[in-house]
Every structure is written in structure tokens, then in C-alpha cells.
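Every number in this text was worked out from the coordinates using simple rules, so none of it is lab data. Computed from a prediction, not measured in an experiment: that's the story for all the values here. Virtual Cβ from ideal backbone geometry, glycine too; neighbours counted across all protein chains shown.
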């Protein structure tokens, strides 16, 4: 599951922090070497990644799956090594209480590592997305045309500090025949380096071409900027992080980018809602895991049911530790709610804060969502057929839901399997991005001498 | 059909050439107004485009098709007006013989305009790509999930001087529910302005929201750079042009880009080719329309058949006015061929020039294609099953063909209908880009109270 975190800290780091850095050699061994310049370092890394790409694309499913299963075992076998590196990252955090939420995300336990290994095995068991050609058709001139799934190529993944992203990205890319170039947050660099080394060494030993799992072992911001310009050797960038990372990527990338951007998700409780269902959905959408991009950040309640519905819900939200910030009408009904500032609407809190607004009708709710939503996940709770259909049709988001929690916008929940995140792009992949979304297609033509007339 | 042309001339124009420019007002009337700054002009244009977008997305197929049919009629009714504007553009070219090829592409005739109108009617007759949901599935918790086709939103199309691109882009975008922002080459600005006005006025009169067909009525290069940064209101950029346009787009775009880049396409004649078929295919791929991106630029011939095959083919190519540039082995067999310079391999000539190389075996051909090809269209001529399959599997290109002319990589030829061009991107759409490729998807969920456990 994607979580989001502002990368301000990462991005403000400068080269001055690293005088010499261990460089992954083509043999896969880390050594102290005279430091390469940032452009040299990045060129070396992506050239090796590109050269792995065509070999990886032609590997059989069997070879890839064997490698994945071995990677799962290796993670389990090296739990102590991983935890030791994770301790170093955590120690660097110190006791700063402001960073406690980030530290929680960063912290690994034997159970979390076992969960990673289970995730790797689950990907091994998914069908190979490559090579499928759902149909082939014959043109009037006898030429047969089909469209076959092929890997995208080399994918750069730039992400924040949750170390499981290192594992998820590496295995989804490997399974889909893509080389990954992983650039995690500098807060987690010790943990990520160890995870990448375990995965990469195991892959190499299983016949996966060296470089197929490439790890950017430098925390400098300049490395990211340089990576974003490697349009010759990197085919796609998937950024997962906060606004400052997104800004850096938009400004510097000459490579196509699939955004995994913020989630400002709403639930609209209609006048014809089943109010018990609405309460269950709202509580789930807000508190089941508030730090995720598909958690509810804004609640819209139709004025007809506000008096019946809101005070009880607000009590339960307060009990769950949620700070509720309301519009003036909400304050009239629930005096213990804090007044919402204008910029609380449209804000991605990623925490136990919720903005609430009472609206006159569906149109006002739709306008609010169009204005403040981030086109990620939007839900209506209603038993009115016409309004349910209007909401599904008119709301523009990666997922639009009737009578379900926004938290269900997820690859596993939709039945698509493991995902690399929830794309907020309007091209290629929108919503949960699984194995199929990590592929592109090529046309193949089987002719018998056809020419253009 | 996409043709390519270096936009050097366009891009080197500066604002100094335009002191006052007619500005399309929200009412759709062109007037002389005090000139807006470039950022103001672009903001006004894209804000209007964005506001048209959600209305356009919800129009019925019937309304869109009626508008398209009316647009076809309007083009036919205004032939004289279009030709008059086209004359002005042509007059600006003067008699410069170097620009004759561009002038030919720019020149309209009553027949070419009739062809445009036929194209518009053909698009009206294609199925609406929006709203389809090929399947909906039910999850174990009873939640139903489906994926429905929706428009991308606002698409900026930046292209060279062929005026039919104005019409093709406008009608394909309209049919697929997308607002288009058209920025054609300055060489064709009078013609393009008239075409856009006819289409836009007709669309407005048919109930299409104003701004749905937006035309950038300024030749300044700065306008392109500004347009490329409107990531809030423009969802996708499709550039169609030469290397200098592509460079500008890569450097300045903060919006996703689907490249329609150069085509360096090869035909490989295998030792087991039907040589008569190979000759027909090679002649077609080179001379049927040399200025297109799917024309052959490089010919690879297996050494076993070179002596039998090449001299006769070279004669026919010479008869067709093709300048053949060969590797040293080719020169031995065909003394009347010019020696190829190293950079002739991998060059997109877009004219009657062909680079020829004799290779030892399939591996050498595959290496040559991987090194010099632009991943656009690649063909093998062979009767050997194993080598045909290897070529299809191993060559990375938008279309890979056995025993067919590269010129067949085309939306109509593949049976996909009208296309906006041939995408060389590795995401979203690769190869001919028709109506379906101008859409994205959103997930819809029909629940009965499901939450995340």
C-alpha cells in the first residue's frame, strides 16, 4: 500500500554529505572506489541497466519465478542483517518526536520482513503479464495483425522511506520483465541498500542478468536530477512521494512520468443514504489507516441528514482520535468541532484530521469534489439509483465508488494482485498499477507479401 | 498519415514578428485586441479549454456525430475560403526551391479538401470509444468492480505544416471527448487558422462547448514553451515533428508527452526469402511514399542472397529515383552505388535515399536494428519459420513484421480506423494511435457497504 511523505528532507541533502560512496561494480560487489562525478555515476548505472534490459525481457516465466522464490527465501534467511541496517537508519532519526510518524514507517520487524517475503512469493504465483496476445485479426488483404505484451524496459522508481517499496518495486519489475533503478529516501538508505543487495545478489545467482535490480547508492539530490534526464536509457519514471518530490520530477524529467500523487479523497453522504452504512464507511475510510493516499480527507454530508447523522459520527471520530474541522453549519450541529480554515478543504492530511462540510444537494457535492479533490478516489453513500449513477458518471477520479470505503481502491482489493502504487496519471495506467500496467505492447504482423497500395 | 518535418524554421521564429495578433475571444470571434503577454494568452486559452472539457466528456455520441457531419459539410462549403488562405501561406514560401517539398505538403487542392471531409465523415461513423466497460467482476466481499473508458481531458497537439493534421486532430479529439489545443506550424498558420475557425464555429453551432477546438493563433516559439508548462489544465501533449521540436518538448514539458518521433525503419532480407516478394516489399517500403515515418530507411541483406538479389533491386531503385548508399560489400556487387558514410545508417532520410548493408546472418541484422533502428517499424522477409519467430520476438519496435511492407504500420491498414499518428512512446499507446488510445480509464465500484478489513 502506498503511503506518502514529503521528501523535503531528502531533496535538501547535498553532495557535501558524501565524500566517498560505495559504488556497485559490474560484478555486483560493493567497494570503496575513487568517487565518480554524479553524471558519471548515473551514466554507469543506467548503461548497465539498459544492457540488462533486452536479456531480461526474453527470460522465461520459470526462470523469473525461481529467482523470485529464491529472493523470498533470502529475505527470510537474512532477517538479522536487515534489522541491523534498519537500526542504523532508525538511530539516525534520534528521538525527534516530529519525525516519529516517519520513523514508524521506516521501522522493520521480523514480522514485517516475513510479510515482504510472503509478498514476493505472491508475485511469483501471479500470471506472467508478458507475451499475451488477446486477439489476432486478419485484414482484407490477408495480413494478420496482433498486439503482444512486452516490458516497458528500464523503470526508475523514486520513492520515500518505506523500505517495503524497495522489495515490492524490484519484484514487480522483475516479474514484468522490466529493469528497475531504485532510488529510495536517504532516511532509509542503509535498510534499502541491504534489501537491494540481498535481492540483486540472489537474482544474479539465479541467472537474472546483472543490473536488472539496480540500486542508486547515493543520497545526493543531484543524482535524482541526473537520473531524470536519462531519456536514452530509462523509459519511465514512477515517483512516489510528497509535493516537493513531484515538483522536482516535473521540472527535471525528460523521461515519461507516471505520477503517484496525493490523494484528497471524499465521501459524500446523500440524503437517501443508509446512515448506519454511511457511518461504517466513513469511520473505515478515515481511521483504518489514515496515512494512506486512499484515506478520506474530506466528508460531505447532505443537509437533510446532517442533524441525524453528523453528531453521532463526530463523537465516534473523536473517540478514534480524529480531529474534526467543520464548516459553519457543521459547527452549529456539533459545537465540539473545530472551525475549518478554507485551506483545510483540499488538503491531504495523511493523519487523523478530517474536514467536514454540509452541502445542499448532489450538485454542490460534485462541485466541491471537482474543485478540491485530487482525482484519486471518491465515494457516495446512497440508496438513490439516479444519484448513484450520476456520481459514477460525472466524478472524474481513478476510482469512483458507491457504498464502499475509499480504502478499497487498491490492487489486491480490486483483485488485480500486487501493485506498485495507485497512479494518478491520466495516461497509461490510472488507479492501482499492477503487473499488466508495467507492460507496453508491440504490434506483430504476419504477412505473405502484402504492400501498401 | 504522419509525415515528419524539421520545425527548425518554426521554432526559430520570435515574438518580434508579431506585434499585434488576433485573439480568439470566448465568443469565438476574432478581433484585434491589445496584445496579451504570452503567459496571459496561453492561460486564457487553456483555462477556456479546461472549462469545455467536463461538458464535452458528457455529450452523447449522437450530438458529437451530428457536429462531425456538419463539420464535414462546412469544409466542403468553404473550399474557396480555405484555398484563399492556403494561397497566402504558399505565397510566403516564394520560389525557394529548397522548400519545395514543404510547400508540396502545405498545398491544398479542392480534392485534398474533399478528402479531409471524407475523413471527418469516416470518424463520425466509427464507434464511440467512451463508456465501454469490457468486463465487471465481483470480489469475494460482493463488491463489483469495472473499468470504464473516459476521455483523457485536454490534449495539446504540436505539429508541423501539413494542414490536414488540424482537421484530423480536431475530429479525433472531439469524437473521443477530448478538448484539443492545436498548435500548427507557422508556415501554415493562415490555412490552419481558417480550418480551425470553420471546425470550431460549426461545432459551437451544433452544441459542442466553446473552446472544445482551441487554436493557438500565435506563431511565437514562446507560446509553445508556455503551453508545455500548463500541467494544471493540459493533460497530454502529442508532438508531431522533427528533432528540434522533440528537443523543445522534452526540455520544457511538465505535462505527459506521447512522442511521435522519427522512424528509422529497416527491411531484412533473409537467406530464405522469396526474392520476388522481397523486391516488391523493398520497393514499396522505400518509394510508395518516402516522406513518411514508416518508409524504409535501411535495407539489410543476408550475404547468401546478396549477389542474386541486390543488383537487380538497386537497378529498380535507381529507376525509381532512389539514391542508394551501400556498405563496402554492397559496392563490390553494385559498383554504381555510392559509398555509405557511417552516419547514413540510422538516419531518417524521409526522401529517396536508402542505406544498404550486407550482413552475415540474422544476429548481425538484429544487432544492426537494435543499434540503428528507432523502434518504429521493422520487417523481415523470410520463409524460415524459426527465424521469422525469432525476429518477431526479439525486435523491439512499435510494429514488427514478417513478409509485409513497413508502410503498412498504420491505423487504417491495421483496421483500427483513423489515427492521430504513430506513437513511438513506450507507455500508453505504441504504434498507430486511434480513438481508443485517446482515452484513459476510471475504475467504478458498486458496493453494498464494503469496508477495508
Cβ neighbours within 10 Å from other chains - mean over B:141-153 = 4
note = By the Kirkwood definition, with r running over pairs of different Cα atoms, the stretch A:193-340 has a hydrodynamic radius in Å of 19.3
ask   = Put the label 7 Å from Cα along Cα→Cβ for residue B:316; what are its distances to the other copies, in nanometres, shortest first?
value = 7.8
task = Using just the alpha carbons, could you tell me how many Å³ per residue the convex hull of the stretch A:322-373 encloses?
result = 74
ask   = Which chain B residue comes nearest the axis with its C-beta when you rotate B onto A, and by how many angstrom?
value = B:428, 2
request  = Grab the beta carbon distance between residue B:247 and residue B:40, set R0 = 25 Å, and tell me the FRET efficiency rounded to 0.05.
outcome  = 0.40
query = How are the Cα pair distances of the stretch B:128-244 distributed, in percent, across 10 Å bins from 0?
reply = 13, 39, 27, 12, 7, 2, 0
For the stretch B:378-419 and the stretch A:339-365, distance of Cα centres in Å = 53
key: Normalised convex hull volume, the stretch B:407-453, alpha-carbon set, Å³ per residue   = 112
query = Once the Cβ-Cβ distance between residue A:338 and residue A:121 is put in as r, and R0 is 51 Å, what FRET efficiency do you end up with, to the nearest 0.05?
reply = 0.65
message = Compute the angle between helix B:61-77 and the longest alpha-carbon principal axis of chain B, please, reported from 0 to 90 degrees and rounded to the nearest 10.
response = 70
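How much of the DSSP bridge set in chain B is antiparallel, in percent, rounded to the nearest 5?
30
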query = Summing -39500 (n - 2.57) over the DSSP H runs of n ≥ 4 in chain B and dividing by its residue number, what mean residue ellipticity at 222 nm do you reach, to the nearest 500 deg cm²/dmol?
reply = -12500 deg cm²/dmol
Ascending count of other beta-carbon atoms within 10 Å, so fewest first, for B:317, A:438 = B:317, A:438
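Indicate, rounded to the nearest 5 percent, the antiparallel portion of the DSSP beta bridges found entirely in the protein assembly as shown.
If we restrict to bridges inside the protein assembly as shown, about 30 percent are antiparallel.
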key: Kirkwood-based Rg to Rh ratio, the stretch B:265-413, C-alpha trace   = 0.92
request  = Between the label point of residue B:384 and that of the same position in each other copy, find the distances and list them shortest first in nm, with every label point placed 7 Å from Cα along the Cα-to-C-beta direction.
outcome  = 7.1
ask   = Over all distinct Cα pairs, what is the inverse of the mean 1/r for the stretch A:236-299, reported as the Kirkwood hydrodynamic radius in Å?
value = 13.9
query = Got the relative contact order for chain A handy, in percent, Cα pairs under 8 Å and 6 or more residues apart?
reply = 19
note = Cα-based Rg and Dmax for chain B, in Å, come out at 24.0, 79
note = At q = 0.07, 0.10 1/Å the base-10 log of I(q)/I(0) from the Debye formula over the alpha-carbon atoms of the protein assembly as shown is -0.61, -1.22
query = What number, in percent, do you get for the relative contact order of the stretch A:265-413 if the mean sequence gap of Cα pairs under 8 Å and at least 6 apart is divided by its residue count?
reply = 33
ask   = How far is helix A:243-252 tilted off the main Cα axis of chain A, in degrees rounded to 10, range 0 to 90?
value = 50
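Tell me the Kirkwood hydrodynamic radius of the stretch A:8-252 in angstroms, computed as one over the mean inverse distance between distinct C-alpha pairs.
About 18.8 Å for the stretch A:8-252.
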note = Per-residue average of other protein chain Cβ atoms inside 10 Å, peptide A:437-444 -> 6
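Count the DSSP beta bridges whose two residues both fall in the stretch A:8-252, then state the antiparallel fraction as a percent rounded to the nearest 5.
Percentage antiparallel, nearest 5: 30.
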query = What distance in nm separates the simple spin-label points at residue A:386 and residue A:47, each placed 7 Å from Cα in the Cβ direction?
reply = 6.7
Distances in nm from residue A:44 to the matching label points in the other copies, shortest first (labels 7 Å along Cα to Cβ) = 5.5
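Which whole-number percent of Cα pairs in the stretch A:180-251 have a distance greater than 15 Å?
So the portion of pairs separated by more than 15 Å is 59 percent.
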query = So if we plug the beta-carbon distance of residue B:201 and residue A:453 into 1/(1 + (r/R0)^6) with R0 = 41 Å, what FRET efficiency do we get, rounded to 0.05?
reply = 0.65
key: the stretch A:45-114 - Rg and Dmax from Cα coordinates, angstrom   = 17.4, 49
query = What ranking do B:393, A:118, B:149, B:240 get, fewest neighbouring Cβ atoms within 10 angstrom at the top?
reply = A:118, B:393, B:149, B:240
ask   = How far is helix A:110-125 tilted, in degrees, relative to the longest principal axis of the Cα atoms in chain A, given as a value from 0 to 90 rounded to the nearest 10?
value = 70
note = Ranked on Cβ counts within 10 Å of their own Cβ, fewest leading, A:143, B:133, B:446 go B:133, B:446, A:143
